[in-house]
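Peer 1: Have a look at this one.
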Amino acid sequence: GENVEQHPSTLSVQEGDSAVIKCTYSDSASNYFPWYKQELGKRPQLIIDIRSNVGEKKDQRIAVTLNKTAKHFSLHITETQPEDSAVYFCAASIGNDKIIFGKGTRLHILP
Amino acid sequence: DTEVTQTPKHLVMGMTNKKSLKCEQHMGHRAMYWYKQKAKKPPELMFVYSYEKLSINESVPSRFSPECPNSSLLNLHLHALQPEDSALYLCASSQEGRGYGYTFGSGTRLTVV
């Protein structure tokens with residue numbers, strides 16, 4: 001079955017710098033890759049997603065890149081702000097109503 | 001309405017109790033999901049309903065029983081739970097299904113004593 005590895009587990013970044021979180025997946029049939037942000041005590045929220053027919057997608061300060069050959073995808077956050085502090089989960093789906101989550105990255109934005 | 005509403009927000013129950021968690025969405029989404037999330041872990045899929053029919057059961061113990069009375073409602077009936085079942089239970093819905101574009105509810109924090 002699908003397996004999603006996520007690195008790093010913890011990331012500390014100075015406010016204003018960029019943050020990068022990387023994920024790899026095992027099932028080459030995976031075709032959908034969402035990223036979720038979960039603040040402490042709150043629900044996961046979809047922040048950006050990408051489908052396998054696209055290599056990159058950007059939404060303001062957030063971008064996701066996908067390398068299908070290498071089976072990895074990354075989240076890039078530029079000009080980080082204190083409100084970016086949260087746990088970020090990557091996920092992958094083969095389009096069968098089931099998504100597999102990575103273990104999460106705790107992002108700390110340092111003042 | 002772009003929300004998934006879950007009730008109750010908090011629940012404490014004994015191991016012999018029977019309780020139910022409720023989830024509601026009015027976005028016309030065709031797929032609804034139950035997830036379990038332990039502290040500092042990712043959400044773990046339990047059940048998927050697609051067009052009101054159970055499509056995925058991730059080998060969940062029978063003390064958890066899902067029900068989808070209609071396209072807007074999803075219930076999770078709980079009976080004879082164990083303390084290790086204490087967790088955040090999240091409901092989610094998706095317009096297209098297939099895992100695309102989940103909207104999560106705010107969850108029910110369950111404590112089994």
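The values are calculated or read from the model by the stated rules, or taken from the named source; none is laboratory data. Quick caveat: nothing in here was measured; it's all calculated off a predicted structure. A quick note on method: Cβ atoms are made from the backbone with ideal geometry, for glycine too, and the neighbour counts reach across all protein chains shown.
Peer 1: Go through the stretch A:66-111 and tell me which strands (runs of 3 or more DSSP E), entirely inside it, have 2 or more residues that are within 9 Å of another protein chain (Cβ to nearest Cβ) and crowded, with 18+ Cβ neighbours inside 10 Å.
Peer 2: Per the criteria, A:86-93, A:99-101.
Peer 1: Tell me which residues, restricted to the stretch A:22-57, are free of Cβ contacts under 8 Å to residues at least 24 places away in the same chain, assigned to a loop (DSSP other than H, G, I, E, B) and either touching a Cys at 6+ places or on another chain (Cβ under 9 Å) or surrounded by 15 or more Cβ atoms within 10 Å (Cβ to Cβ) (or both).
Peer 2: The answer is A:R43, A:S52.
Peer 1: Does the stretch B:73-80 include one or more residues that are in contact with a strand residue (DSSP E or B) (Cβ under 6 Å, 6 or more places away or on another chain) and surrounded by fewer than 14 Cβ atoms within 10 Å (Cβ to Cβ)?
Peer 2: yes
To keep it simple, each residue is scored yes or no on (1) within 14 Å of the chain's Cα centre (by Cα); (2) within 22 Å of A:D49 (Cβ to Cβ).
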position	(1), (2)
B:K18	no, no
B:P69	yes, no
B:Q95	no, yes
B:R98	no, yes
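Peer 1: Here's a follow-up. Scan the stretch A:15-33 residue by residue and report those that are of a type in the set (G, A, S), over 30 Å from A:P111 (Cα atoms) and either touching a Gly at 6+ places or on another chain (Cβ under 9 Å) or modelled with pLDDT of 95 or more (or both).
Peer 2: Correct list: A:S26, A:A29, A:S30.
Peer 1: Just checking, which of A:A63, A:A92, A:A19 is within 13 Å of the chain's Cα centre (by Cα) and free of Cβ contacts under 8 Å to residues at least 24 places away in the same chain?
Peer 2: A:A63
Peer 1: Check every one of the strands (runs of 3 or more DSSP E) wholly within the stretch B:22-113 and list those with 1 or more residues that are within 14 Å of chain A (Cβ to nearest Cβ) and more than 24 Å from A:I94 (Cβ to Cβ).
Peer 2: Fully inside the stretch B:22-113 and qualifying: B:87-94, B:108-112.
Peer 1: What about B:T5, is it surrounded by fewer than 16 Cβ atoms within 10 Å (Cβ to Cβ), part of a strand (DSSP E or B), within 14 Å of chain A (Cβ to nearest Cβ) and modelled with pLDDT of 95 or more?
Peer 2: Taking the combined requirement at face value, the residue satisfies it.
Peer 1: Turning to a different aspect of this structure: What are the residues in the stretch B:8-21 that are away from chain A (no Cβ under 14 Å) and of a type outside the set (S, T, Y), if any?
Peer 2: Answer for the stretch B:8-21, where residues must be away from chain A (no Cβ under 14 Å) and of a type outside the set (S, T, Y): B:P8, B:L11, B:V12, B:M13, B:G14, B:M15, B:N17, B:K18, B:K19, B:L21.
Peer 1: Now, a different point. Could you list, in sequence order, the residues of the stretch B:11-59 that are closer than 14 Å to B:T103 by Cα and charged (D, E, K, R)?
Peer 2: Result: B:E24, B:R30.
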